[in-house]
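Peer 1: Next up is a structure, given as structure tokens.
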Amino acid sequence: MRIQQLQYLETIVRTGSINEAAKQLYLTQPSLSNAIKELESEMGIKILLRSKLGVSLTDDGREFMVYARQVLDQVQLLEGRYEKNTVRKQAFSVSAQHYAFVVHAFVELIKTVKADEYNFTLRETETENILSDLTTFKSELGILYLNNFNRQVLQKLFKEQDLEFTPLFKATPHVFVGSQNPLTKKRTVTLEDLVDYPYLSYEQGDNNSFYFSEEILSTLDRKKNIKVSDRATIFNLMVGLNGYTISSGIISNKLNDDKIVAIPLEVDDSMTLGWLKHRQMELSPIAVDYLKMLKEHIEGYGFAIIDDEK
């Protein structure tokens, strides 16, 4: 086994394509494929599943990558200590449901980076993709919520995929609406108050299971439904159509949310927002820094961090 083979494998996993990885590594596709086949033969396991849609890690491959990344991180430390002209770009990736505090902390993290070169990725994505990104090591951290409705199903998936959930804070449901919406005149709103307004929610791709929904009370029947894929669109529809969505209540005026208002929703429910990681993977220093900033921003919004609950 050679360090170069591990670097090749890391690039393939990151790009999800042997062809794209070969381009980035300035290799021919057959040469790269042969290098990985030699690694698989030497280790006695099948690391990659190859298909017309690209490549993915096998169960053995996911476990192998945990150790491979640790080796590559140690190589980076050696290079940084003894090879002054060799620089491995700092890398960090987080996959999350659509929350302003996730973006806010990500912005602040990047502002602290001293390196001239880095590869950072923030994926605001569907719930199922968060789990997939962690199990394939495309992301180091995932951010999502649990409540009484989805907890049992999602925790079962966490266990099956060797993922570990750590709570950050609990929030009561709030309705997000545009600042000109008539509902802003109320201190709290009920489900009955919302009947005539368009309900906005994030689409979940091919997996339309209610358990993957980013919004609580997703099983309720509503007269007007609009699904969107990103926060910018959902905010525009709140303002333009007097639509609403249900979330944690955190709004960041620093990230252009000044036209949106959060109103407490009168329902007997709560959301536990937290972070996910692969159980076998040790967090990088950058990931630790990001979580620290995430907690600071959450506390800045007036929420208490959960320290001991698992």
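The values are calculated or read from the model by the stated rules, or taken from the named source; none is laboratory data. Predicted model only: the values in this text are computed from it and were never measured. For neighbour counting, all protein chains shown are included, and Cβ atoms are generated from backbone atoms with ideal geometry for every residue, glycine included. Accessible surface is based on the protein model in full, side chains and every heavy atom, while ligands, DNA and RNA are left aside. Shrake-Rupley method; radii C 1.70, N 1.55, O 1.52, S 1.80 Å.
Peer 1: Is it the case that GLN90 is closer than 29 Å to TYR290 by Cβ, in contact with a strand residue (DSSP E or B) (Cβ under 8 Å, 6 or more places away or on another chain) and at pLDDT below 85?
Peer 2: Yes.
Peer 1: Give region 32-44 a look and list any residue that's open to solvent by less than 60 Å² (accessible area, probe 1.4 Å) and either over 15 Å from VAL55 (Cβ atoms) or small (Gly, Ala, Ser) (or both), or say none.
Peer 2: SER33, ALA35
Peer 1: Residues in region 87-98: is at least one exposed (fewer than 13 other Cβ atoms within 10 Å of the Cβ), closer than 19 Å to SER139 by Cα and within 23 Å of the chain's Cα centre (by Cα)?
Peer 2: Yes.
Peer 1: Output yes when any residue across region 67-79 is in contact with a Phe, Trp or Tyr (Cβ under 8 Å, 6 or more places away or on another chain), open to solvent by less than 80 Å² (accessible area, probe 1.4 Å) and modelled with pLDDT of 90 or more, and no when none is.
Peer 2: No, region 67-79 contains no residue that is in contact with a Phe, Trp or Tyr (Cβ under 8 Å, 6 or more places away or on another chain), open to solvent by less than 80 Å² (accessible area, probe 1.4 Å) and modelled with pLDDT of 90 or more.
Peer 1: Restricting to region 108-128, name every residue that is within 21 Å of GLU214 (Cβ to Cβ) and either surrounded by 20 or more Cβ atoms within 10 Å (Cβ to Cβ) or touching a strand residue (DSSP E or B) at 6+ places or on another chain (Cβ under 8 Å) (or both).
Peer 2: THR121, LEU122, ARG123, GLU124, THR125, GLU126, THR127
Peer 1: Can you tell me which residues in region 195-215 are open to solvent by less than 80 Å² (accessible area, probe 1.4 Å) and in contact with a strand residue (DSSP E or B) (Cβ under 6 Å, 6 or more places away or on another chain)?
Peer 2: Result: TYR197, PRO198, TYR199, LEU200, SER201, GLU214, GLU215.
Yes or no, residue by residue, for (1) out of contact with any helix residue (DSSP H, G or I) (no Cβ under 8 Å at 6 or more places or on another chain); (2) modelled with pLDDT under 90; (3) not in a helix (DSSP H, G or I):
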{"site": "ASP257", "(1), (2), (3)": "no, yes, yes"}
{"site": "ALA262", "(1), (2), (3)": "yes, no, yes"}
{"site": "TRP275", "(1), (2), (3)": "no, no, yes"}
{"site": "MET281", "(1), (2), (3)": "no, yes, yes"}
{"site": "ASP289", "(1), (2), (3)": "no, no, no"}
{"site": "LYS292", "(1), (2), (3)": "yes, no, no"}
{"site": "LYS295", "(1), (2), (3)": "yes, no, no"}
{"site": "ILE305", "(1), (2), (3)": "no, no, yes"}
{"site": "GLU309", "(1), (2), (3)": "yes, yes, yes"}
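Peer 1: Give region 242-255 a look and list any residue that's touching a helix residue (DSSP H, G or I) at 6+ places or on another chain (Cβ under 8 Å), surrounded by fewer than 18 Cβ atoms within 10 Å (Cβ to Cβ) and modelled with pLDDT under 90, or say none.
Peer 2: LYS254, LEU255 - these are the residues of region 242-255 that are touching a helix residue (DSSP H, G or I) at 6+ places or on another chain (Cβ under 8 Å), surrounded by fewer than 18 Cβ atoms within 10 Å (Cβ to Cβ) and modelled with pLDDT under 90.
Peer 1: Quick one: in region 26-52, which of the residues that are assigned to a loop (DSSP other than H, G, I, E, B) and touching a Ser or Thr at 6+ places or on another chain (Cβ under 9 Å) is farthest from VAL13 (Cα to Cα)?
Peer 2: ILE45
Peer 1: Related question: If a residue has to be surrounded by fewer than 20 Cβ atoms within 10 Å (Cβ to Cβ) and either modelled with pLDDT under 90 or out of contact with any strand residue (DSSP E or B) (no Cβ under 6 Å at 6 or more places or on another chain) (or both) to count, how many in region 136-154 make the cut?
Peer 2: Qualifying residue count for the region: 7.
Peer 1: Something else: Residues LEU157, LEU131: which one is of a type outside the set (Asp, Glu), open to solvent by 10 Å² or more (accessible area, probe 1.4 Å), in contact with a Leu (Cβ under 7 Å, 6 or more places away or on another chain) and not in a strand (DSSP E or B)?
Peer 2: LEU157
Peer 1: Among the residues of region 216-241 satisfying the criterion of being among the small types (Gly, Ala, Ser) and part of a helix (DSSP H, G or I), which is surrounded by the most Cβ atoms within 10 Å (Cβ to Cβ)?
Peer 2: ALA232
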